[in-house]
Structure formats: C-alpha cells, structure tokens
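Below is one structure; the comments refer to it alone.
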Amino acid sequence: FRKTCGVMSWWYNQTFHTDRPDLPECFQLSVLSWLPCIYLWAVCPIYLFYLQRNNRGYIMMSIVNRFKTVFGLALWIVCWADLFYTFHETQQGHSQPPIFFVTPLVLGMTMLLATFLIQFERLRGVQSSGVLFIFWFLSVLCAIVPFRSKILQSEVPDKLRFTTFYFYFSLVVCELILCCFNEKPPLFSNVVTDPNPCPESTAGFLSTITFWWFTSMAIKGYKVPLEAKDLWSLNQRDRSGVVVPKLLKEWEKEHAKAQSEQNLSSQAVYSKPLPATTNHIGGGGGEGGGESSPEEVEVLLAKQKGTPRQPSFLRALIKAFGPYFLIGSAYKLLQDVITFVNPQLLRMLISFTNQKDVPEWWGFALAFLMFFTAFLQTLILHQHFQYCFVTGMRLRTAIIGAIYRKALVITNAAKRSSTVGEIVNLMSVDAQRFMDLTTFLNMLWSAPLQIILALYFLWQNLGPSVLAGVAVMILLIPFNAVIAMKTRAYQVEQMQYKDSRIKLMNEILNGIKVLKLYAWENSFKDKVLAIRQKELNVLRKTAYLGALSTMAWTSAPFLVALTTFAVYVTVDENNILDAEKAFVSLSLFNILRFPLNMLPQVISSIVQASVSLKRIQDFLSHDELDPHSVDRKNAATDYSVTIVNGKFTWAKEDPPALHNINVMVPQGSLLAVVGHVGCGKSSLISALLGDMEKLEGDVSVRGSVAYVPQQAWIQNATVRDNILFGKPYNEQKYRCVLEACALTPDMQVLPGGDMTEIGEKGINLSGGQRQRVSLARALYSEADIYLLDDPLSAVDAHVAKHIFDNLIGPEGALKGKTRILVTHGISFLPQVDNIVVMVEGRVSEMGSYQQLLKENGAFAEFLRNYALEDIVEEDEATEEELFPDDALSNHTDMVDNEPVINEAKRKFIRQISSVSADGENLRNRSVRKHGCSVRKHPDPSPEKMKKQPGMEKLIQAETAERGRVKMKVYLEYAKAVGPLLSVFICFLYGCQNAAAIGANIWLSKWTNDATRNETQKNVHMRVGVYAALGIAQGILVMISSFTLAMGNIGAARKLHLNLLENKLHTPQSFFDTTPIGRVINRFSKDIYVIDEALPSTVLMFLGTVFVSVSTMIVIVSSTPIFAVVIAPLTFIYIFVQRFYVATSRQLKRLESVSRSPIYSHFSETITGCSVIRAYSRHSAFVLMSDMKVDENQKSYYPGIVSNRWLGVRIEFIGNCIVLFAALFAVIGKDKLNPGLVGLSVSYALQVTMSLNWMVRMTSDLESNIVAVERVKEYSETKTEAPWEVEDKKPSSDWPVEGNVEFRDYSVRYREGLDLVLKNLTLSVKGGEKIGIVGRTGAGKSSMTLCLFRLLEAAGGEITIDEVKIADIGLHDLRSKLTIIPQEPVLFSGTLRMNLDPFERYSDEEVWKALEHSHLHKFVSSQSAKLELECSEGGENLSVGQRQLVCLARALLRKTRILILDEATAAIDLETDDLIQSTIRTQFEDCTVFTIAHRLNTIMDYTRVLVLDKGQIAEFDTPANLITKRGIFYNMAKDAGLAQ
C-alpha cells in the first residue's frame, strides 16, 4: 500500500476500536473502488455470449433508456475529469501516488462498458438487467463508505475531488434507481398478441428474484376462487410445441447413432446385404435405417456375443434439458456455501456479548450481516428451486409428448406387449417420477458437500469429539433405511388390499340391483369389511414404523449433540463447553440434519426413476409401422385397390395371418368379403390400412380412405364432432348423412340432439347407434375408398336394410365410390358387384353372386350355414315393428332392438332425469332404459331440436368445493378420532416441546458455568439431566405420534363403515341418478386420503405449529422486548398465509381437473389409432394432446410459483425474526449472559423452516380434509326401509299359498315423475302362471320392481298371502321371492359363492340345482368344480351359461313366487328353451310371473296380463284373448302365432 497510496497510517485502530469507525483513504480508493469493476469485467464475457445466443428482438429507445445512457456517459466524464486533474497536478509539480491515476482510469473504462451494455441489452430485447443491477448496487454500496468519511471530515483539503465524488455518488444512485424500472417488451414479441400473458416474461430483475410478479394472481385467488380462464398462458419456452420436438430431435440423434454403430458392426459380419423385407422402421423413425430382418440380427448377435447399443434415452434427456438444469445447480452450490456463514456470524455474536469493552456498532453490524446472508440465501435457494421445478415440468411435457406420438405409430406386436393401462401408466406415473426427481437431483452432490463442510467446521470447533456425533448419525442411517424398506413393503401390501376392495366395491355398485333383489347385501358387506380389516391392520403396522421413524428424525440432532458434548467434556479436563462452542455446534448439527435425511430419499427416488427410464426407453424403442407398406401413389389403373401375392402377419414372430392374397377391386365397385368367424376378413381390411406387417407382395390403394371398424370407435365428444371428425360443418351434407345412416330419429331422442355429449367409449349410445355414428363419420369424410368392417352386425335387421339401401348398396349415397364390405348378412350379397370368399387366411373364391353359386364351392356351403340364422333375424325384425306408425319405436327404442348391450350401458341409464311437460300430446311415447326409469318425449319438432342448452350434460355436475373449508368439518374429524383422544394428543405434543425447550435451556445454563469457572464440579449432573430431558422428548414424540396414528386409523374405520352401511341401505333410485364412478371415487380416492394422506399431514401440521410456538416462547423469555415485534410479524404471516392458501388450493383443484383429460384422451387415442391413421388425422390428434398437456401445465406452473412466492415471503419473516433476536441481544448485552444469546439466536435460525412448512401443511390439511366432507356427504343420504322389522316378522314358512293381490296400486319412479303404474287391481291364485306383455315402457318391469319394493307404492297396496308387503322388513320380503333377472349378473368369486353367498345349502343341494339347470356337465368338467373362479362380471362364462347360473340360483332358493324377466334379445334360442322347460317342470306348484318378449313362451300359461301405459288393458287366458281380437291378438298375429 505504501507504494501505491503514498501515506499509510496504522489503520486497524482507526477502523475497529473506535466508536466512530472509518476506513483509510487508500483502502477506499483501491479496494472499494475496484470491487464493482472487477465484478463487471468478470461477468461481461459470459453475459455477452449469452446475449449473442438469445435474441428477443430489439426494444425501442425509451426515455428511461436515454437517461441511463446519458448518466453512464456523465459518469465516464466525471471519472476521467479526476484523471486529467491528476495529470494537471503532476504538471504543476504536485506529484500524486499512482493510485490517483489507476482508479479513475479503471472506473472510467468500466462506466463505458456499462453504457455499452445498456445499449446492447436494448438491441437484444432485455427488459430488465440483473447483471447491471448488481453492478450499480455494488457501486452504491462501496461508495457509501467514502461518502460518510467525506461528511465526517472537518475541513475540505481537495475541493475538486470532493465535488466530483459527490457528482459520481449521485449519478450512481440515479442509475441504481433507473435500473429498477422495466423497459417495454421488444417489438414483434408474442407478449403483445397474447390475451392473458404471463407477467413473468415482462417482469423486472427485482420482481423475478422475489417472485413479485405472482402477487396479482395471489390477490385475485384470494378475492374469488380462481377459474381456468384466470390462468396465464404458458410461456412459449415451456409449451409442448417447443419442448417435445427438442427432446425428439435428441432422441432421433441417439437412434441414428445406435443404428450406425449397429450397421458398422453388421457390415463387418455380412458380405452381402440382404434385401429388406419387413414392414418396419427401426424404433425412433430413423429413416429406414433398420431394415435388416430379425433373423440376421439374431445371427449377428450370436457372432458378436455383444448386444447392439440401445439408444440411450437418458442421454437424450440430458442433452435436451441439461444446460437449463445446470443453472439451477449453480445456484444450489452458491446457497450451500452461504449456509455456513451464519454459524460463523453466530460465533462472533456470542463472543461479542462476552467482551465488555467493545464498540456497540460491531453487534449491530453482525445482526444486519446475519439478516443479509439469510436473505440472500433465501433468494438464491428459491431461484434454484424454480429452475429445478421448471426443468421437471418440461421433462414431463416432453415425455408425455414423446410417448403420445410414439403410441400412434407402434406396430401391433409392440402394442400387444404393453396394454393401454401400462402405456397410460408410463405417462402418468413414470413421467411424474422424473418430475419429482429433478427437484431433488442436486442433493446427490449437494448433500455430501454440505456434510463435508459441516464436519470441517465442527472439527474446528470441537476437535475429534465430533466423530462420536457423526458415528451416531451414521448408525441412524441404516435404522431409517430398514424402516423405509419395511414401510415400502407394507405399502405394496396395502395397495393390494385397497385394489381388491375397490374391485369388489365396483362390482357391488354395478350389481347393486341384483344384490337388493336377492337380499344379499349382508354377505357382501362382510366381504368388504374383511378386506378393510386387513387393510387397517397393515396401516396400523405402518403407523408403528412411522412413529419410530418420527422419533428418529426428531431425536437425531439431539442425540448427536448429546454424544458429542458428553465426549468432548469427558475426554479432557481442559475442554470447557462454553456458549460459543455449544450453540455454534448446535446450529451446524441442524444444518447437517437435512442432507442426512435427504440422501436415502434421493437415492431411492433415483432407483425408481431408473426403472421408469428403462420402461420409457423400451417403449420408445418399439418398432413402428412402415408408412410405405401400402403404396398410395399408384396412379394409372382402373383398379383402385390391388393386392398382389400378399402375405401378411400381425407380428413378426406369429405365423402369417393371410397368405397368397390376390385381390383387385375395380374403381367404383362394391366388393363383399365373406367367410366364417376368424378366417381373416378383418385382417384383410387391416392389411389395406397398413396396420399389419407385410411379409411379401405389393399393396396399392388409390386415393383417400374412410374406415369403419367392427367395434365402433367413438370419442368422448358431441355426436356432431364424432361425425365431422375435423371436417368443416356443412348443414345440407350433414343432414343427408344423418338420413342415410338412419340417425335422424335417434337425434330427436337424445337429450341434446346432435350436440349431446357422448360418454367415454360411447356408453350412452346403444351398440347400433355407435355403429351408425361410425358409418356417418365415414360417409361425411367423402373419401375415395370405403373399408367397412362388418358395420351391419350391430344394428337391427330392418335398420341394416335401410343402411344398405341408402348408403352402401348400388343405389346408396356411396355409389360410384370403391367400397369393400365385410359382412355376414346374406340377404345383401345378390346386390354386390363382386364377392371374395375367405377361408383360413386365403382367398378361396372370387366372383359375382351368380358365378359363385354355380361353382358350388366354399361359398355355397357358407350360404347353407348362414341361411337359417338369417331367417331367425327376419322373424325378430317383424316382431319389433309392431307399431310401425311410431317413429320412435321404429328403430330408436334404445335398448329393445339392438341386441348386444354392453355392461357399461347400465351405468349410464342416466339420461333420464328430464321430463317433458307436454303431457296432453297423445302420441307421447316413453323410451325405456332397462326398467330403471322412464322419460316421456313428445315427437320432437325441428324447433325442439334446439333444446335448452342445459340438457346436454348427462348428469348433474358434481359440485366442486369452493372457498374455505368450514370449521365443522375439522370438528367432524376430531369427533371421529374421539374428542378426548384429540385433546390428549395436543397435550402430548405440548409436553414433547416443553421437554425440548427444557433441554436447550439446561444447555445454556451449562454453558454459563464456563464464565463462572465451575465447570468441572458438576459435569456428570449436567450431562445426566441434559440426556434425561432429551430422551424424555424422544419417548414423548414416539407416544404422541403413535397415539395420533391410532386416532386417525380409528377415524378412518368409522368413516368407511358409515359410508358402506349407508350405501348398501340407499334406495335404487339414488344409483339410477348418480354415476357409479362418483360413488367409487368416495370409496377409493377419498378413503385413501383419510387413510394415508391425512394422518401424515396432521402429524406434520401439529409438529410445525408447536415448534414455531416454542421458538417464540424461547426468544421472548430471553429477550422480553421481542414480544413487541411478534404482533406485526404474526399479522404479516397470517396475511401472506391466507393469500397463499386460497390461491394454491384452487390451483391444485384446477390442476387435478385438467389432468384426467390428458389420460382419457390418450387411452381413447390408443384404442382408435387405426381409425385415426386411416383418416390420416395423426397430426391433429398430436396437437390435441399437446393442447391438453399445456392446459394442465398452465395450472401447474402457477402452482410451483405460488410455493416460491410463499417461500420468499415467509422466509423473509423468519429472517426478520433472526434480525430482531440478534438486535435485542446486542441492545441488552449487559443484562444477558452468552448462553441465553446463543439460545435465542440459534432458535431463531431454525424457525424459518418450520414457518414455511406450517403454511404448506395448513394448505395440505385444507385440501385433504375435504375428503372427510365428501365421505360424510355420501354417508348421510336418504336410506330405504329397514331390512328387518322385528315385531312384523312373517312366519318362517310364509308364503305358503303364493297368492298375490294388487289393490288400486300406483307407483312412480321418483318424486316429481309421472305414475308408471296407475291403479292396478288384480289377484293371482297360488300356482298360477301369469305372462305379462305390453310394448316398451308399458310398465312390465315396474311390476316386478314393485313386488320387491325397489319402488315404493304411490298409492294402494300389494298383499302376498294376506300379508301387506309394505309392513315387513325388506330382507324378509326379498328373501321369500325369487327372480331370474334380465341380464345375468355374476360377481367375481367362486361359482359356489355366486349361487349361495350365505352358505345355507349343502353341496348336494347345490349340485342338484346345477343338474336341473343343465350346468352339471360344464361344472364337473372343470378342475375346480364348485370352486371355479368367476372373473369380474362372469366374463369367463358365456352369456348363455351366465343365464343358466341365474336359473340355478332360483332353483336353490325355490320360493313360492318366481318372477322371470326375459332377456330382451334372445341370447340364443337353445338356452332359452332350457330355461323354459326347467321352469315348467321344477316350478310346477309355484306362482310364476313372466315378463315376455317372445309370445311363444307364454301361450300355454294360465293367464296373460296385457299392460298399456301403466294400466291393465286385457287380463285373461291366452285362448280367450285371441278370440277377443284385441292388443294381444295383434301381437300374436305379428309373431305368426295366430291367423
């Protein structure tokens, strides 16, 4: 310094040991002036490189910008004025030291650089510069010292430098202020065009680092619950359109690399390349690189003894997202280092309070330094989190996008290896795992770093004794690991129980009607409760483990401290534990605690993510369909479809499905493809679409294609959207299409016309309607070639005829187009141009109908086989057209005509609930939906098509909770836990915190021994008490968390039991109007939350609340003045917390609402990918998926930011607490001993964490407690009559006779609906056989429901053997009647359980019933006999067999009254005859009611009851009715049973 500065006073005393400290001029001129300059020149090259790469377009020159530039130039002039003045002085002969030349020169250059940066940033579109902000901030900071010392100087020696410095200072301050303002957005940026842009893109530097820009949303979310429209649009750089291609590009590079390595090695082995034969592209769409056939590759592997390198998905991910993630890692590194500054400052603070004669300002400086480092740490940490979370979000977007795009093009073989569920899992679970991992990934290097640093400082502090503490920590790791392993095992077990419970519940709710009819609820309730009990046992075990690990987690830091201090004090007499050592060590141990706990978690999540990585990589490496296998360009021929020598297979390893196919279809002709089941008809269509592997031959298809698959594929959208399928709407064309496909009448019946929303997989349409919508889509697309895969089998005969005539046939709408029709309907074959007959994957004959008949080959035989069936079909058709005058019953009667009604259908019987008030319209026709409810509809006139928009939705929407959760819900939960137990738990928490505080106060007392020099006397007493208090705390923690867990499990049991009891007692009408999914959701999601999520949330919540409170108590007790600050801080805290909780809760809801469409759209796409490809709508669907993902991320992103926003604000409050604790300690220094200072400040340093968690937990608690509310809501719905009424129990042998009497009986389905049966009066003697007939909706099924009291009377009564059925318990009534229902419902379980769930009958009786029901042969041929497992819904039995099982149930019960609800569509005549004959023989003496659809079954009954519109039209013997020539006669005549 002597050289550069000239003068050099001894400045240590001048600076530190005065009350008015000052720095020497030389130091001010050199170090302080150069600091900002060094910073700017160091950062500049990197920053310029960054700006060079990222150009956002230039910004117009603004006033602020002009001022910045002018001030920058002014600063340069001021600095160089100094320099020239020094030259001037030298010339005058006053030679100055070199520093007066160097500093102004350097400063001037730097100011020029800053001015240049200001302009360069403007040209590159930077709206607010962090680099310059930090520079100006440093400059001001460094200029304050000389500014102060210049003010303190009494006389001014150097007038000019004095003035220039003031100029310099004011200009720098102005620059700093200007730097806080934002520039306008760059020209041509998309911020301008976006309706709701994210303010982040235009936020300034300060706003970005404090997340101030989020505040507007927090305020909005606090005022009104946020909705989807309030969300900001996603930043361009986070959108699927940007992120996904980035990943795919890297992935394709990886592919190409792997491919080329493989090719190099293969050239080494093969001399001649073989011709490419397979229909394959190597997985990633490497352009036809992998065309070597599989056999070659296998040979190659054998020779090389090494596998070809799999393209690495990880490498692609790292290349695509690594650089951005590294910025986050850099922040993390910085934060780790800063973390260790505060314990050092704490040491200085404690030693400051120890010394008596030191200047006050030291203490204040330390307090503010502590605050400043803590604040800096907060800002840096949250920047790191932001980078990590955004990376995670992009990863998820990219992975979902990549999987979606891949799923559209994988081969069938690949599809077979992964089910839809698995692929959806890849999207939901595996992508999620990556997202979770990115947040912790940095801990992998940061945790060891923190541990090493902490140990280094501890060693400095306490020497080798630290090793004792570390040993304890290391011992705790395996302990925690073991607990984690066990917990994971239990979780798996728990999931299995949960799955089987949900599966059972699902079946119960789907078959609830059958359970009620058979009075089987109790048996199933016991089954559910048995599973539930197992589930709770596992939960209880998990809770024991949880309590242990909570204890380990809270006691670990204490145990470590205890062992370290005990060893330290006992090893050497001279080791004195003073406040400085003890509390600095404590704060270091607290730092250690986090990385030690995180490491095992990070490692396990890395293991999980690596499994996910492998699964995703395998899926993305699947083979893809070759787009060139079908030649679409072939132009000049008369044939629009040709296959020459085709040989096709579904998967390479399978035998070929089609061989030697030669087909040529002339332009505009209609070709029918016929053949037996499984002979390859559909495969032929798939081959034309390019969905199969082409082994040899050529396929060419001229022009665009429309495809109607065998199983209609319907999207979850409106009917109109399904038909348009992305084409523009054209009214006239659309009407014609509907007409041709016979959809016009259906549109009138659907509640919203063609704007009706269709449920997923089209479940609120009947099979035939779905098929017709699929046909309409094809017709609307106006393609050149139509591939129709058996579209006519799902519709009725007369509808099929209509469609053939108006659409497919020679006179139909498609005439002149090329049509290939797969069909079973023989009646149409004479009208087609050519017929191809397929036999076992070959074309056996081809030609016109007449030619083939003459040849008398396979085709003739086919005709003979199918002719019989066709006659039967015709027969049914006539029977359905009984009332030809009525447009509705014609072919829109949704159920009765269309034979195959899928299972899902019943769940959707919900379209009802709307009743037209048009009662007086005489042509009202009711539309029946499976006897569950009736809806009246006048014939809709065209005006009515535009119905009230509100009616389109299927069911009342489920109410989403809004706003705050009411206190009542918390109380409900506390009540379920047990009121006394709840109080006791809080008491235990209080005790455990008291113990913790006690231990720390004792420690501070112990350290004060050091100042009084009485350390050695009572070391053992000190250590002993400290240990006792700490261990007491550990035990209390364990007891309290265990009691809490027990309470939670008790509550979970009660809540589930109440829900289950209530749902089994709920009347049938509830299930008719509530989607089953909604009820299942209560049993799965909400019960899961109550079982697992709530307990841990409550635990954390109580823990953090008590920790925060105890911190306040400690600080206040050591420095009472702190109480003054608590009030304002608490106010700010609660203020921020309310804003956050309201906003984040709603964001979570929006996020989960927008998540499911991604997956449902995805599974829909996978099932319909051949249709999507056929219509080449591939890219449109990718776009749709991307939009759905972006919608989801739109609500996820503010969710992340809200956590950061909260974090910065809450930690700021925490830092204020540190500041005030330290300040008051400095002020009250004389009255305080160092032990108390250490205690209160080290407590304050910990509080930030628990404050932050407390808010998070409040918010989690609010979102989880909602589950209790939802479960409560469904546990309190209205119940049906009691199952058993003790004083009204009928005798055990009732009914003896079986007489049934209706008196003036009326009934309606639900309150507010019309009567379905009006004033019925009839009596039936025991043993009579009654047939009930009537057209759809006449109330046939309602009669049976009334007998079982599934519907309660609206008037009148029914008596059976003189007992009024309304008086007795439901089970007493239902167990005495037997029904064979319309659709046979089986439950998963053994066959025995399905026949006799209560085990009331012996095996002999069961076998006998099976024998009578003709199942004996089938069951005894099974190895399991009666223990035969039935799968869900009885899928592994044929429909006929299921029907027979229901018959066997009836035979077992053998009650006096039997009701037989005939299956709507004849399942097969054979089964039907079996049932009829059995009933005639076995139930001779019983009263039988049969609801008949086919009259021949009831022609020999005692009497027939004809219902019409809910009243008795005719009631007499069949013979008399036929002679009367009334309704019955007409029906019989139509069925061909009467002349």
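The values are calculated or read from the model by the stated rules, or taken from the named source; none is laboratory data. The structure displayed is predicted, hence computed values, not measured ones. Here the Cβ is made from the backbone with ideal geometry for all residues, glycine too, and neighbour counts use every protein chain on show. For the accessible areas, the whole protein counts, side chains as well, though only heavy atoms, and no ligand, DNA or RNA atoms are used. Shrake-Rupley method; radii C 1.70, N 1.55, O 1.52, S 1.80 Å.
Of all residues assigned to the stretch 830-844, none qualifies as being touching a Leu at 6+ places or on another chain (Cβ under 6 Å), surrounded by 15 or more Cβ atoms within 10 Å (Cβ to Cβ), part of a helix (DSSP H, G or I) and modelled with pLDDT of 75 or more. Flag set for Ala794, criterion: surrounded by fewer than 23 Cβ atoms within 10 Å (Cβ to Cβ), modelled with pLDDT under 85 and part of a loop (DSSP other than H, G, I, E, B).
Go through the residues of the stretch 1055-1066 one by one and say whether even a single one is farther than 22 Å from Ser982 by Cα and either open to solvent by 30 Å² or more (accessible area, probe 1.4 Å) or among the small types (Gly, Ala, Ser) (or both). Scanning the stretch 1055-1066, I find at least one residue that is farther than 22 Å from Ser982 by Cα and either open to solvent by 30 Å² or more (accessible area, probe 1.4 Å) or among the small types (Gly, Ala, Ser) (or both), so the answer is yes.
Please verify whether Asn722 is more than 30 Å from Thr642 (Cβ to Cβ), in contact (Cβ under 8 Å) with a residue 60 or more places away in the chain and within 34 Å of the chain's Cα centre (by Cα), treating the condition exactly as stated.
On the way: more than 30 Å from Thr642 (Cβ to Cβ): yes; in contact (Cβ under 8 Å) with a residue 60 or more places away in the chain: no; within 34 Å of the chain's Cα centre (by Cα): yes.
For Asn722, the condition - more than 30 Å from Thr642 (Cβ to Cβ), in contact (Cβ under 8 Å) with a residue 60 or more places away in the chain and within 34 Å of the chain's Cα centre (by Cα) - is not met.
Scanning the stretch 978-1023 for residues that are crowded, with 16+ Cβ neighbours inside 10 Å, at pLDDT below 90 and of a type in the set (Val, Ile, Thr) gives Ile997, Ile1001, Thr1007, Thr1015, Val1019, Val1023. Residues of the stretch 1368-1379 include at least one that is crowded, with 21+ Cβ neighbours inside 10 Å, of a type in the set (Ser, Thr, Tyr), out of contact with any Pro (no Cβ under 7 Å at 6 or more places or on another chain) and modelled with pLDDT of 85 or more.
Yes/no matrix, rows are residues, columns are (1) open to solvent by less than 30 Å² (accessible area, probe 1.4 Å); (2) part of a helix (DSSP H, G or I); (3) over 30 Å from Phe1070 (Cβ atoms):
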{"position": "Phe1220", "(1), (2), (3)": "no, yes, yes"}
{"position": "Leu1245", "(1), (2), (3)": "no, yes, yes"}
{"position": "Trp1283", "(1), (2), (3)": "yes, no, no"}
{"position": "Glu1301", "(1), (2), (3)": "no, no, no"}
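Would you confirm whether any residue within the stretch 423-430 is modelled with pLDDT of 85 or more and open to solvent by less than 20 Å² (accessible area, probe 1.4 Å)? Walk me through how you get there before you give the answer.
Taking the stretch 423-430 and keeping what is modelled with pLDDT of 85 or more, we get 430.
Going one step further and asking which of them are open to solvent by less than 20 Å² (accessible area, probe 1.4 Å), we end up with 430.
Looking through the stretch 423-430, at least one residue is modelled with pLDDT of 85 or more and open to solvent by less than 20 Å² (accessible area, probe 1.4 Å).
Out of the stretch 694-707, which residues are among the hydroxyl-bearing types (Ser, Thr, Tyr) and assigned to a strand (DSSP E or B)?
Pass one, the stretch 694-707, residues among the hydroxyl-bearing types (Ser, Thr, Tyr): 700, 704, 707.
Result: Ser700, Tyr707.
Can you say whether Ile483 is surrounded by 22 or more Cβ atoms within 10 Å (Cβ to Cβ), more than 25 Å from Val341 (Cβ to Cβ) and not acidic (Asp, Glu), as far as the supplied structure shows?
Working: surrounded by 22 or more Cβ atoms within 10 Å (Cβ to Cβ): no; more than 25 Å from Val341 (Cβ to Cβ): yes; not acidic (Asp, Glu): yes.
For Ile483, the condition - surrounded by 22 or more Cβ atoms within 10 Å (Cβ to Cβ), more than 25 Å from Val341 (Cβ to Cβ) and not acidic (Asp, Glu) - is not met.
Pairing residues of the stretch 1140-1158 that are over 26 Å from Ile403 (Cα atoms) and touching a residue at least 40 places away in the same chain (Cβ under 8 Å) with residues that are open to solvent by 10 Å² or more (accessible area, probe 1.4 Å) and of a type in the set (Phe, Trp, Tyr), at Cβ distances under 6 Å and at least 6 apart in sequence or on separate chains, gives Ala1142/Tyr222.
Within the stretch 61-90, restricting attention to residues that are polar (S, T, N, Q) and more than 17 Å from Leu178 (Cβ to Cβ), which residue is surrounded by the most Cβ atoms within 10 Å (Cβ to Cβ)? Steps first, please.
Step one: of the stretch 61-90, the residues polar (S, T, N, Q) are 62, 65, 69, 86, 90.
Still in the list and also more than 17 Å from Leu178 (Cβ to Cβ): 86, 90.
On the way: Thr86: 22, Thr90: 13.
Looking at the filtered set, the residue picked out is Thr86.
For the stretch 1151-1196, residues that are over 18 Å from Val424 (Cβ atoms), open to solvent by less than 60 Å² (accessible area, probe 1.4 Å) and of a type in the set (A, V, I, L, M, F, W, C) total 3.
A search for C-beta distances below 7 Å between a residue of the stretch 1175-1190 that is closer than 11 Å to Ser240 by Cα and any residue that is at pLDDT 90 or above and charged (D, E, K, R), counting only pairs 6+ apart in sequence or on different chains, returns Val1182/Arg405; Asp1190/Arg239. Output yes when any residue across the stretch 335-354 is surrounded by fewer than 22 Cβ atoms within 10 Å (Cβ to Cβ), modelled with pLDDT under 90 and small (Gly, Ala, Ser), and no when none is. Yes, there is a match, as at least one residue in the stretch 335-354 is surrounded by fewer than 22 Cβ atoms within 10 Å (Cβ to Cβ), modelled with pLDDT under 90 and small (Gly, Ala, Ser).
Could you check, for the stretch 708-719, whether at least one of its residues is outside any loop (DSSP other than H, G, I, E, B), open to solvent by 10 Å² or more (accessible area, probe 1.4 Å) and modelled with pLDDT of 90 or more? No, because not a single residue in the stretch 708-719 is outside any loop (DSSP other than H, G, I, E, B), open to solvent by 10 Å² or more (accessible area, probe 1.4 Å) and modelled with pLDDT of 90 or more. Please enumerate the residues belonging to the stretch 1391-1428 that are of a type in the set (Ser, Thr, Tyr) and free of Cβ contacts under 8 Å to residues at least 40 places away in the same chain. Once the filter is applied, which keeps residues that are of a type in the set (Ser, Thr, Tyr) and free of Cβ contacts under 8 Å to residues at least 40 places away in the same chain, the stretch 1391-1428 yields Ser1402, Ser1420, Ser1421, Ser1423.
The residues of the stretch 1111-1132 that are crowded, with 20+ Cβ neighbours inside 10 Å and in a helix (DSSP H, G or I), listed by number, are Thr1111, Val1114, Ile1115, Ser1118, Phe1122.
Okay, residues lined up against (1) among the β-branched types (Val, Ile, Thr); (2) under 18 Å from His622 (Cα atoms); (3) open to solvent by less than 40 Å² (accessible area, probe 1.4 Å); (4) at pLDDT below 90:
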| residue | (1), (2), (3), (4) |
| --- | --- |
| Ser201 | no, no, no, yes |
| Ala228 | no, no, no, yes |
| Leu231 | no, no, yes, no |
| Gln262 | no, yes, no, yes |
| Ala268 | no, no, no, yes |
| Ser271 | no, no, no, yes |
| Gly286 | no, yes, yes, yes |
| Gly289 | no, yes, yes, yes |
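Could you check the stretch 432-454 and list, in sequence order, the residues that are aliphatic (A, V, I, L, M) and either free of Cβ contacts under 8 Å to residues at least 40 places away in the same chain or closer than 17 Å to Ala566 by Cα (or both)? Scanning the stretch 432-454 gives a single hit, Ile452. Is it the case, given these coordinates, that Ile452 is open to solvent by 20 Å² or more (accessible area, probe 1.4 Å), modelled with pLDDT under 85 and over 30 Å from Ile403 (Cβ atoms)? The answer is no for Ile452.
Under the condition of being in contact (Cβ under 8 Å) with a residue 60 or more places away in the chain and farther than 20 Å from Phe1515 by Cβ, which residue from the stretch 1525-1539 is surrounded by the most Cβ atoms within 10 Å (Cβ to Cβ)? Top of the filtered list is Asp1534.
Beta carbons closer than 8 Å, at least 6 apart along the sequence or on distinct chains, pair a first residue in the stretch 1256-1280 that is basic (Lys, Arg) with a second that is part of a helix (DSSP H, G or I) for Arg1256/Asn1203; Arg1256/Leu1206; Arg1270/Arg1082; Arg1270/Asp1086; Lys1272/Val969; Lys1272/Glu972; Lys1272/Leu1055; Lys1278/Phe1070. For the stretch 847-855, state whether one or more residues are polar (S, T, N, Q) and either open to solvent by less than 50 Å² (accessible area, probe 1.4 Å) or assigned to a strand (DSSP E or B) (or both). Within the stretch 847-855 (the criterion being polar (S, T, N, Q) and either open to solvent by less than 50 Å² (accessible area, probe 1.4 Å) or assigned to a strand (DSSP E or B) (or both)), the answer is yes, since at least one residue qualifies. Considering only residues of the stretch 91-127 that are over 14 Å from Cys44 (Cβ atoms) and without any contact (Cβ under 8 Å) to a residue 12 or more places away in the chain, which is surrounded by the most Cβ atoms within 10 Å (Cβ to Cβ)? The qualifying residue surrounded by the most Cβ atoms within 10 Å (Cβ to Cβ) is Ser95.
Given the criterion more than 30 Å from Asp1072 (Cα to Cα), in contact with a helix residue (DSSP H, G or I) (Cβ under 8 Å, 6 or more places away or on another chain), part of a helix (DSSP H, G or I) and not β-branched (Val, Ile, Thr), identify the matching residue among Ala543, Ala489. I'd like the intermediate steps shown before the answer.
On the way: Ala489 fails: in contact with a helix residue (DSSP H, G or I) (Cβ under 8 Å, 6 or more places away or on another chain).
None of the others qualify; the one that does is Ala543.
Among the hydroxyl-bearing types (Ser, Thr, Tyr), surrounded by fewer than 20 Cβ atoms within 10 Å (Cβ to Cβ) and touching a strand residue (DSSP E or B) at 6+ places or on another chain (Cβ under 6 Å): is that true of Ser1292 in this structure? When the stated conditions are applied, Ser1292 does not pass them.
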